[in-house]
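The values are calculated or read from the model by the stated rules, or taken from the named source; none is laboratory data. All values derive from a computational prediction rather than experimental measurement. We place every Cβ from the backbone using ideal geometry, glycine too, and count neighbours over all the protein chains shown. Calculation scope for accessible area: heavy atoms of the full protein, side chains included, ligands and nucleic acids excluded. Shrake-Rupley method; radii C 1.70, N 1.55, O 1.52, S 1.80 Å.
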Amino acid sequence: MRKLVVIGGFLAMQTVAPQAFAEQDGAVLVADIAPVHSMLSALTGQPENVRLLLPAEASAHHFALRPSDARALSEADLLVWVGDGLTPWLGAALETVAESTAQLELMAQGGWEKIAIAGTAAHDEHDEHDEHDEHDSHGAEDKHDHGEFDPHAWLDPTVMIAWGHVTADALAAGHPAQAALYQRRAGDWESALTALDAELATVLADVNGAVIVPHDAYRYLARRYGLTIAGAIAESDAADPGLRHVQELAELVQSGAVSCVLGDRETGSRIVENLVAGSGVGSATVDPMGAAIPLGPEHYAEMMRELAQTIADCASGS
C-alpha cells in the first residue's frame, strides 16, 4: 500500500526512500506523457534513461498497460506523472505492479495555480476567483472524471517551470551527489521556458475571435494567453458529440463569433469540416502531445510552438 511521505519539502506518494537510487550513475525514470518525458530529459541530460509510458499518439484517458509497461514501472527508480485526473488507469495499476517504485504526482504539488473544473466542489469554492471562466466557458459539461482540477496543465509553460523545480528536488533527493547539477538544469529549464512563454505570447497576441477546441484540454493555454474558447467538440474526452451539441457549435460558427475550429486525432476531420462549411472560418488539427515531434529535451518547446502557430494561422485564415 502506498503512503504519503515528504521528499525534499513537497508531498509525493511512494513506498521507498528516495536514497534507493542515490548510488547509481543513471537513475531509471518513467514519464507518463511526452511533455513530462521532455522535462525529465532536460533535467537529467540522459533521455536514454527516461522511459515514456504512454505513446504520444495514444489516448491518455483510455490506455491499457502492456506487460512491458508494468515491468518498466516495477523496475523504475522514479515515476513522474501528471496524476489520476489525466491517467486514471495508471493510479490503479500502481497499487499492484509498482508498490515499491518512488513516484511524483505533479498535480499534487504546489507552487502554481490549478484550474478547477466547473461543477466540482473546488470550482464552487473558487467562484469568486473565476477570471479563467471567461476564457474556458463552452457550455459542455465534463463527463470524464478529471477530478476537481483540470489536469492538462502542461499547456502553460509557467506551470512546467514549477514542475521542473519540484522534479529536480525529487531527483536531488534520490541522488544527492548530483543535487547541484539537477538544480542548475532546473534553472536552465526555467530560462528556456521563460523565453518560450514570451515567444508564444507574441504568436497568440493577435488571435481575434473565439476558438472551438477538440475537447476540454485547453483551459491552461487559454488562461495564460488570453484566448477565448467558445466551445469544445467532444463533450468529454471519450464521448462523441451529440447532434444537438454539434448544431449549437454550428450556430456559433455561423454567428461570426468564432475565428477558428480545431480538431484532433480523436475528433476526426468530418465534424470540423461540417462545422466550418460555407462559413469562411478557418480550421486546423492540433496535437497537445506532439506525436510527430521527436522525443527529447526540445520536444516540449517544439510542441508548444507548433500548437501556438497552428492556432494563430487558423484564426487569421493563413
Of all residues making up region 305-316, the number that are of a type in the set (A, V, I, L, M, F, W, C) and out of contact with any Asp or Glu (no Cβ under 9 Å at 6 or more places or on another chain): 2
Any hit, region 237-245, residues being open to solvent by 10 Å² or more (accessible area, probe 1.4 Å), touching a Ser or Thr at 6+ places or on another chain (Cβ under 7 Å), free of Cβ contacts under 8 Å to residues at least 24 places away in the same chain and more than 30 Å from MET39 (Cβ to Cβ): no
Residues of region 257-270 that turn out to be open to solvent by 60 Å² or more (accessible area, probe 1.4 Å) and either of a type in the set (A, V, I, L, M, F, W, C) or not in a helix (DSSP H, G or I) (or both), as a count: 3
Answer from ASN208, ASN274 - the residue that is part of a helix (DSSP H, G or I) and either open to solvent by 60 Å² or more (accessible area, probe 1.4 Å) or polar (S, T, N, Q) (or both): ASN274
Residue that is surrounded by the fewest Cβ atoms within 10 Å (Cβ to Cβ), among those in region 55-78 that are in a helix (DSSP H, G or I) and of a type in the set (A, V, I, L, M): ALA70
Which numbered condition TRP81 fails, given (1) at pLDDT below 85; (2) crowded, with 22+ Cβ neighbours inside 10 Å; (3) over 30 Å from GLN247 (Cα atoms): (1)
Residues located in region 289-318, provided they are part of a helix (DSSP H, G or I), closer than 15 Å to TRP154 by Cβ, among the aliphatic types (A, V, I, L, M) and open to solvent by 10 Å² or more (accessible area, probe 1.4 Å): ALA301
Count - residues of region 124-174 that are outside any helix (DSSP H, G or I) and either modelled with pLDDT of 90 or more or among the acidic types (Asp, Glu) (or both): 11
Output for region 258-274, where each listed residue is among the basic types (Lys, Arg) and either under 23 Å from the mean Cα position of the chain (by Cα) or over 16 Å from GLY242 (Cβ atoms) (or both): ARG265
Filter result for ALA222 (open to solvent by 50 Å² or more (accessible area, probe 1.4 Å), part of a helix (DSSP H, G or I) and not acidic (Asp, Glu)): no
When residues of region 2-54 are limited to those that are out of contact with any Leu (no Cβ under 9 Å at 6 or more places or on another chain) and modelled with pLDDT of 50 or more, the one least open to solvent (accessible area, probe 1.4 Å): MET39
